[in-house]
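Any read-out appearing in this document is the output of simple, stated calculations on the displayed coordinates, not a laboratory observation. The shown structure was predicted, so the numbers you read here are calculated from the model rather than taken from an experiment. Neighbour counts are summed over all protein chains in view; Cβ atoms, including those assigned to glycine, are modelled from backbone coordinates with ideal geometry.
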Amino acid sequence: MIRDRSIGSRLWRFAVWAIVGLFLLNLLGVIASVIVNSFATRWLGTWLPAGFTANWYADAWKGFQLQDVVLVTFEIAFTVVVISALLGVTTAYALARRDFPGKRMVILVFLLPLLVPPLTYGIPLATLLYQLGLGSTFWGVVLVNLVPSVPFVVLVMIPFIEQIDPRIEAAARVFGASTTSLFARILFPLLIPGLLAALLLVLVRTLAMFELTFLVAGPSTQTLVVALYYSVFASGVRAGQSIDAMAVIYMITTLVWLVLALQFVSPTQIVARAKQPSQH
Amino acid sequence: MTSLSHAGVVGRLSLRRRLAVAGIDGTTLLLLPGLIVIFALFVYPFLFGLYDSLVPKEGAWYANYQKFFSDPFEYNTIWATLWLAVPVTIVNLLLAIPVAFRVRLMRRQRLLTTILVLPVTLGTVLVAEGLLNFLGPQGWFNRVLLTAHMIHAPLRLTNNYWGVFASLVITGFPFSFLLTLSYVTGIDPAIEQSAATLGAKAWQRFVRIFLPLLVPGLAVTFCLSFVQAFSVFPSAVLLGAPAGPTRVISIAAYHAAFEQYDHSMGAAIAMIMAAVQLVVVAVVLGLRQLFYRGSASGTKG
């Protein structure tokens, strides 16, 4: 490592850390203000609320019918995870193991949904789903969420599968393993770490996916983040603390899975790995 | 490269064997389920949107586009969106580069990167709700500035341009930073060390060594950050002035498709949105071609 001890360099270092510090302070302030407000009795024109209470959680839970919303959210998210795992892993296996004409085009097709704003394909897709009678249904919401999820699993899994030596599979074949037992007893155990990471990230992304779900969801198929949007949009109808209690519930449901996912991947990979598959 | 004799052998094989030589066999077919789903849910809807936009409710095939580009309330949404997305992307990138260069030298990056990944995963709706509290006239941000006597009256930071700007920095800066960090750490430190040994100062090392190696990565980071900022939707509604200066193009598209129930017009605006974004990405990637392309690892050759 190179150590530069001149005044200019020290000032520069100080400036950079000051920016990081300020950013973190504001970020934590934003999150903390939501949490504090959700416990506040009355909070007008002071640094901290007049008193603290946990009643807003009961209020939000009943008022927004969160029991149903949370249940629907997880049903949708887990369905998306299971389907995108099945489709994504088989596709990634083919892409990792075979070179065929047009492979670059196929990879591009899987890359595009992650590169264009969701609304550009979301609006025509939602129109189609409504015409098919799938709008505001459970399966409609699942289908729109598959668009970013399947490519994400594919792009995360390709390098994981490439790491597995094909000779291991060949050896299993020599000893008479069928395709099913090859997948179940050789590939699957080797892929578990990568698979868990990919699926947990898909889960987090689906829980937080606003735009696409918003276009298709109906009153009984809202996920938490869409319900949160509507309640902020109509703020004034219910107490702000109640909305923030709901925001905290949303935060917890997402962060639990994020923390789990971070056991398998580094934070940099959440952003980076899916975005630069061409380097693998 | 297939030699003649090889081609002769291949010619005598069955179709199945010939396909296998080209890399198409049972394993390749595993591709199909995923590919079919993406074609049905992404490629086809996109083409349908293009078609739908050319079949307006009334008028000639280009009526939707004509309507959009003749109404300032509609076409100004393009400028409103660019006026948010371009400055935000530049600010995020300019902040991300020096920070990534510092953090690259840190041993324990994990805590910092974990905190920074929070806003990316929590999403814009939650950040918008938090910022409404935090930046509001009674919020902590104004309160700190008032207490420090830096301002005399609370700044108006919500329900206008700056609210949306702040939300895009809060979610966009960590995104740009994490992406830049992954590129910066991909550069072999030995390259910098040899430059330093040869007497290059910190600024020279950055401009002459790192920057050329980083340009491709920065171009990609710029594009991905820009896409995120350009598709701003929930925070522009919740934190901005959705009828005024932050009426971004996604609001116009949503409004046409789901509030006026004119899906043809909505599809047209979605296509315009995709086209504008494509132009910006093409310009950035075109500029990148002017710079060095090559290996960022320190091995010979």
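Taking every residue in A:30-40 and counting other chain Cβ atoms within 10 Å of its Cβ, the average works out to 5.
Ranking of B:D71, A:D244, B:D25, B:D52 by neighbouring Cβ atoms within 10 Å, starting from the fewest: B:D71, B:D25, B:D52, A:D244. Between amide H atoms placed 1.01 Å from N, distances below 5 Å from A:A40 occur with A:T53, all of them 5 or more places distant or on a separate chain. Computed over the alpha-carbon pairs of the stretch B:14-53, the distance histogram in 10 Å steps reads 27, 29, 24, 17, 3 percent, short to long. Counted by neighbouring Cβ atoms within 10 Å, the residues B:I78, A:I76 run from fewest to most as B:I78, A:I76.
Using alpha carbons only, how many degrees (0 to 90, rounded to 10) separate the axis of helix A:103-115 from the longest principal axis of chain A? Here the helix axis deviates by roughly 0 degrees. The A:A177 and B:V276 beta-carbon pair, evaluated with R₀ = 41 Å, returns a calculated FRET efficiency of approximately 0.20. Shielding by partners for peptide B:226-236, expressed as the average number of C-beta atoms from other protein chains within 10 Å of each residue's C-beta, is 3. Rounded to the nearest 10 degrees, the angle from helix A:7-38 to the longest Cα principal axis of chain A is 70 degrees.
Output the 0 to 90 degree angle, nearest 10, between the alpha-carbon long axis of helix A:224-233 and the longest principal axis computed from the alpha carbons of chain A. Between the helix axis and the principal axis of chain A, the angle is about 30 degrees. Counting only whole DSSP H helices of chain B, the ones at least 30 Å long by C-alpha along their axis and with mean Kyte-Doolittle hydropathy no lower than -0.5 are B:72-103, B:161-184, B:263-288. With one equal scatterer per alpha carbon and no solvent term, the Debye-computed log10 I(q)/I(0) for the protein assembly as shown at 0.09 1/Å reads -0.77.
When +1 charges are put on Lys and Arg Cβ atoms and -1 charges on Asp and Glu Cβ atoms, the dipole computed for the protein assembly as shown relative to its Cα centre reaches about 2120 debye. Comparing chain B with the 2.2 N^0.38 Å rule of thumb, its C-alpha radius of gyration ratio is 1.32 (two decimals). Over all Cα atoms in chain A, the spread is summed up by Rg and Dmax: 23.2, 75 Å.
For A:L44 and B:T147, FRET efficiency with R0 = 25 Å and r from the beta-carbon atoms, rounded to 0.05? Using R0 = 25 Å, I get an efficiency of 0.90. Here the alpha carbons of the stretch B:160-234 define both size measures, Rg and Dmax, at 16.1, 52 Å. Ordering B:Y254, A:Y230, A:Y121 from the fewest to the most neighbouring beta carbons within 10 Å gives A:Y230, B:Y254, A:Y121. Only Cα pairs under 8 Å and 6+ residues apart enter the sum, and on that basis the relative contact order of chain A stands at 28 percent.
As a length-normalised measure over Cα pairs under 8 Å and 6 or more apart, the relative contact order of chain B settles at 26 percent.
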